[in-house]
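*Asks:* The structure that follows is given in the form of structure tokens.
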Amino acid sequence: MEYRRLGTSGTLVSNLALGTMNFGTSETPEEDAFAQMDAFLDAGGNLLDTADVYNGGVAEESVGRWLAARPSEVTDRVVLATKGRTRTGTDPNEAGTSRRHLDRALTTSLRRLGVDTIDLYQLHAWDPLTPIEETLSFLDSAVRAGKIRYVGLSNFTGWQLQLAVSTAQAHGYPVPVTLQAQYNLATRQTEWEMAAAAQYNGLGILAWSPLASGFLTGKYKRGAQRPTDTRAGQDHALYQYTSSNYEHSDRTWNSVDALRKVAQAHGVTPAQAALSWVVNRPGVTSAIVGARTLEQLTGNLPAADLRLDPDSVKALDTASDPHPAPYPYGAFGSAQRDRTPNDPEALGALIEKHANSVSSRQH
């Protein structure tokens, strides 16, 4: 396991994190969840990620009971991360990043987890109704009270991240140290703004769904019926929604084909190759592995120490290229924002190249 700084902080975390979204469900009963956390710590992992809304709080409770049942020499190694913001009830104020909701959400998470302090408290998503100053002021008070150590963001777009960081800096509030975002070979649009903003501001990226709901493991085939014992084959609205997005994308299947070839060349599984790719992307601190079973987890852990050769990385990059439209994220838009000390202006060079290409086709 490799250790990296948690953003700009001095805390070190493993380059694979253990996600707990399934903990306490029929998919991953508590006994199995305990076994996963034991195996993860034994392998050198230390970052546990959960959220107040995972299974209505059951995931946090499972993590809390595991922490209480293990000796301090084990649990003291854990860097504990959770999130607040998502709706927790039917009342209008049981959602968002207002001081009122976050105060109650944080208090509840501390109780479920059975701890006095959470290492990384993440805003689960942007709240368009709450001024960012109110949110950051609450997080500042929570840090001062010793309830949380670091602030993180999740699912923020580039401008939202920049606003949060700049506002925190202007007011002397704790500056976020991480951005948790969906990032995998089949979801590279994250690179266009979110990852770029995180890197510019020194936020470490925590990649969720690094295996694209299991599609990058290679266990699914294009056009084939998905097995009912898999996440994509379950009658679950969220799983069906995310799976359908991947299933109907040529880029997903191109990535899977490339993964199979790279995995065979390296003597590893497609899942390990996919995890290695995302773990070693610029700005990524850790990839969050959310396994249903202990077998899945132990099969993925070797990816922490796997480095693909440059040719393999290039093959995966090519197969997974999201091919943005020329503007604003494609060649035309990127050229307008480009400038190097000694080369001609990128936009002019691009236009000239295009004109020459058109001229050669006409003749």
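*Asks:* Quick check: convex hull over the Cα atoms of the chain, volume per residue in Å³, rounded to an integer?
*Replies:* Working: hull volume 61.1 nm³, N = 363.
Dividing the Cα hull volume of the chain by its residues yields 168 Å³.
*Asks:* Right, here's the next one. Take each of the peptides 273-283, 244-254, average the number of other beta-carbon atoms within 10 Å over its residues, and list them starting from the highest.
*Replies:* My ranking of the peptides, most packed first, is 273-283, 244-254.
*Asks:* Order Lys83, Lys221 by their accessible area, 1.4 angstrom probe, all chains in place, largest first.
*Replies:* On the way: Lys83 0, Lys221 145 Å².
Largest accessible area first, the list is Lys221, Lys83.
*Asks:* Sequence-distant or interchain residues sharing an amide H contact under 5 Å with Ala17, placed H: which?
*Replies:* For Ala17, the qualifying residues are Ala287, Ile288, Val289.
*Asks:* Oh, and also: Roughly how many percent of the accessible protein surface of the chain is carbon and sulfur, given a 1.4 Å probe and a whole-percent answer?
*Replies:* Whole-percent figure for carbon plus sulfur exposure: 51.
*Asks:* I'd like to check one number: the per residue accessible area of the range 260-343, probe 1.4 Å, reported in Å² as a whole number. Provide the component values of the computation, followed by the final result.
*Replies:* Numbers: 4490 Å² over 84 residues.
Heavy-atom accessible area per residue stands at 54 Å².
*Asks:* Sorted by average packing, counted as other Cβ atoms within 10 angstrom per residue and highest first, what order do 184-191, 66-73 take?
*Replies:* Details: 184-191: 21.9, 66-73: 12.8.
So the order, starting with the most tightly packed, is 184-191, 66-73.
*Asks:* I'd like the per residue volume of the convex hull spanned by the Cα atoms of the range 1-74, given in cubic angstrom.
*Replies:* Working: hull volume 7.0 nm³, N = 74.
Output value, Cα hull per residue: 95 Å³.
*Asks:* Distance check, please: which entries in Lys83/Lys219; Lys221/Lys261; Lys221/Lys314 exceed 21 angstrom between their Cα atoms? Numbers along the way, then the final one.
*Replies:* Numbers: Lys83/Lys219 31 Å; Lys221/Lys261 15 Å; Lys221/Lys314 23 Å.
Cα-Cα > 21 Å for Lys83/Lys219; Lys221/Lys314; rest within.
*Asks:* Normalise the Debye intensity by I(0) for the range 112-160, one equal point scatterer per Cα, no solvent, then take log10 at q = 0.18, 0.20, 0.30 Å⁻¹ and round to two decimals.
*Replies:* -0.61, -0.73, -1.19
*Asks:* Could I ask something else about it? Treating only the Cβ of Lys, Arg, Asp and Glu as charged (+1, +1, -1, -1), what charge dipole size does the chain show about its Cα centre? Round to the nearest 20 debye.
*Replies:* Details: 33 positive and 39 negative charges, 82 e Å.
That gives the chain a dipole magnitude of about 400 debye.
*Asks:* Let me ask something else about it. At 222 nm, what value in deg cm²/dmol follows for the chain if DSSP H runs of at least 4 each add -39500 (n - 2.57) and the sum is divided by all its residues, to the nearest 500?
*Replies:* Working: 14 runs with 158 residues, N = 363.
After summing the helix terms and dividing by residue count, I get -13500 deg cm²/dmol.
*Asks:* Right, another one. Could you sort 30-39, 3-12 so that the peptide with the highest average Cβ count within 10 Å comes first and the rest follow in order? List each step's numbers first, then the result.
*Replies:* Working: 30-39: 18.3, 3-12: 16.5.
My ranking of the peptides, most packed first, is 30-39, 3-12.
*Asks:* Once every Cα of the range 54-176 carries one equal point scatterer and solvent is ignored, give the base-10 log of I(q)/I(0) from the Debye formula at q = 0.17, 0.18 Å⁻¹, two decimals.
*Replies:* Ignoring solvent entirely, the Cα scatterers give -0.85, -0.94.
The values are calculated or read from the model by the stated rules, or taken from the named source; none is laboratory data. As the structure is a prediction and not an experimental result, all values here were calculated from the model. We place every Cβ from the backbone using ideal geometry, glycine too, and count neighbours over all the protein chains shown. We work out accessible area using only protein heavy atoms, side chains counted, and drop any ligands, DNA or RNA first. Shrake-Rupley method; radii C 1.70, N 1.55, O 1.52, S 1.80 Å.
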